[in-house]
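Throughout, read-outs are computed from the coordinates displayed, never taken from laboratory work. Since the model is a prediction, treat every value here as computed from it, not as a measurement. Cβ placement follows ideal geometry from the backbone for every residue including glycine, while neighbour counts extend to all protein chains displayed.
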Amino acid sequence: MANVVIVGAQWGDEGKGKIVDRLTEFADVVVRFQGGNNAGHTLVVDGEKTVLHLIPAGILHPGKSCVIGNGVVLDPGVIVMEIDRLKQKGFLADDSQLVVSLDAHVIMPWHKAIDVAREQALGAGKLGTTGRGIGPTYEDKVARRGIRVRDLLDGDRLLRKVRERLPEALEEIRRLGAPADLQAEPIAEEYARHGNRLKRHAAESSLALHRAIRAGKSLLFEGAQGTMLDVDHGTYPFVTSSNTVAGNAATGSGVGPTEIDQVVGVSKAYCTRVGGGPYPTELRDETGERLRRVGNEFGATTGRPRRTGWFDAVALRYAARVNGLDGLAITKLDVLTGFPQPKVAVAYRFDGRTVEELPGDLEDLERCEPVYESLPGWSEPLAGARSWEDLPVAARSYVKRLEALSGVKVMAVSVGADRGETILLENPFAR
Ligand code: GDP
């Protein structure tokens, strides 16, 4: 029995969903603790593709439960739709399999309207948010005027809260030059309907998790986005609105930090990033284009092309530190097949100096040039590899080099999108 946190060690889209899906076998409960439906997990089980934005990927395993913790912001329309789709596919037969925290904050229509209107107003300087209202919902949470799942369960309370908040939200939308035609009553009605659907899942999730731990169950905490997008530890302000690092698994779920046994970071064998912000190893050339094409680097939620580049060991060392990583899962190693000399940034050049730690200041980071080490490539396709020994020697030394550069043990290597295409070297639940 162990409780394991899985987080993205880069800029998100590392393939966390796939690693979580693989490790769910060893867990009883899968917990999401931050983010909203801007995360997108693409899962392929026996060739069948399922995209999930909010519900933990563990839901595809019958008999496991999934918890959406208090740290998540929730679009009730989206979760109800995901529930319906899962049920159509024969999953989630038992409603008790999904628990939604009563304290999770709800994304309201004005949050989405503000999000979209702000991005439009910013024009070229936009942050590249997904327009799903996540940021504005977290703002309202911190400003202590948010609406929570528990409010959806009481129609009168909900209408009162919507009436309280809406005028100011409309003022902001108008100021941003967008149409402000939202009305309190229909919103409250619609959201109360969603509340009615969610009632059977809504619970004091911290207590539910506490009981699960006491009963000897194993928890798997599933992070969304990645370390470099953390609101405190990422490349601020080009970040998401929540803490993506492992520490937030405790805060975002109401489970004490002493209950967490292992932290695993997921990292691609190269690097990608969505949206604006500094990205030292970005390749704006043919090689970057090839990584994008071969790695199919387009967002699961938005379809946007991702920025691509070589692996950044400086950023990974940073991720190892701020998450306290015990292990690494390296994904998409197969994508590097056929690159004659894959490179890894081992340090940065900055103002004529070589630096090995990630500069804290964004402007400094923007001026950093990667110091690359070239590694031997391999030409064999990796998709068929099922064990460490199946990997070509050059692919093995590539992984070993990432391990040495980050100082974190590689626990898993992924060589394809399917569930079977993960080589598990060490099980964090059995450590
Ligand atoms: P997440 O949000 O971190 O789970 O990442 P995404 O789901 O947005 O992106 C990962 C994408 O890569 C998905 O389309 C996965 O199916 C795919 N994928 C995951 N692992 C591998 C791998 O090892 N090789 C290949 N080729 N694709 C992978």
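Observations on the model:
- For ARG321 and LEU182, a Förster radius of 51 Å and the Cβ-Cβ distance give a FRET efficiency of 0.70, rounded to the nearest 0.05.
- Average projected area [Cα convex hull, the range 101-243], square nanometres: 10.0 nm²
- Debye log10 I(q)/I(0) at q = 0.17, 0.18 Å⁻¹ for the range 79-125, Cα point scatterers: -0.70, -0.73
- Estimated Rh, the range 330-381: Kirkwood, alpha-carbon pairs, angstrom: 12.7 Å
- For the range 78-167, the C-alpha radius of gyration divided by 2.2 N^0.38 Å, with N the number of residues, is 1.30.
- Average projected area [Cα convex hull, the range 42-99], square nanometres: 3.9 nm²
- Potential lengthening between ASN427 and ALA143 on full extension [0.36 nm per residue; Cα-Cα distance subtracted]: 98.1 nm
- Taking label positions 7 Å along the Cα-Cβ direction at both LYS87 and GLN341, the computed distance is 5.9 nm, reported to one decimal.
- Projecting label points 7 angstrom from Cα along Cα→Cβ for LYS400 and THR258 puts them 4.1 nm apart.
- Rounded tilt (10° steps) of 76-88 against the dominant C-alpha axis of the chain: 70 degrees
- Evaluated at q = 0.13, 0.27 Å⁻¹: base-10 log I(q)/I(0), Debye formula over Cα of the range 291-336: -0.41, -1.01
- Summarising the overall dimensions of the range 1-82 from its C-alpha atoms, the Rg and Dmax are 12.2, 35 angstrom.
- The range 317-420 - Rg (one decimal) and Dmax (whole number), Cα, Å: 15.5, 46
- The DSSP beta bridges internal to the chain are antiparallel in roughly 40% of cases.
- For the range 124-201, the equivalent ellipsoid derived from the alpha-carbon gyration tensor has semi-axes of 24, 16, 12 Å in decreasing order.
- Normalised by 2.2 N^0.38 Å, with N the number of residues, the alpha-carbon radius of gyration of the range 360-431 equals 1.40.
- Approximate shape of the chain as ellipsoid semi-axes (Cα gyration tensor, √5λ), whole Å, largest first: 36, 26, 19
- Ellipsoid semi-axes for the range 19-126, based on the Cα gyration tensor and the rule √(5λ), read 28, 16, 13 Å when sorted largest first.
- Our estimate of slack between LYS199 and LEU122, defined as 0.36 nm per intervening residue step minus the Cα-Cα distance, is 23.9 nm.
- Normalised by residue number, the volume inside the convex hull of the Cα atoms of the range 167-280 is 185 Å³ per residue.
- For the range 72-149, the set of trypsin sites (Lys or Arg not before Pro) satisfying both a DSSP loop assignment and a count of at most 11 other C-beta atoms within 10 Å is given as LYS89, ARG144.
- Amide H partners (placed H, <5 Å) of ALA202, local residues excluded: VAL100
- Computed from backbone phi with θ = phi - 60° and the Karplus coefficients 6.51, -1.76 and 1.60, the 3J(HN,Hα) list for the range 181-197 is 10, 7, 10, 4, 4, x, 5, 4, 4, 4, 6, 5, 4, 4, x, 4, 5 Hz; x is used for glycine and proline.
- Electrostatic tally near LYS16: other residues with Cβ closer than 13 Å to its Cβ, Lys and Arg +1, Asp and Glu -1, net +1.
- Entry for the range 289-378 at q = 0.10, 0.14, 0.25 Å⁻¹: log10 I(q)/I(0) = -0.33, -0.65, -1.25, Debye formula applied to identical alpha-carbon scatterers, no solvent contribution.
- Amide N of the range 319-338 lying under 19 Å from the label point, which is placed 7 angstrom from the Cα of ASP285 along Cα→Cβ: 336-338
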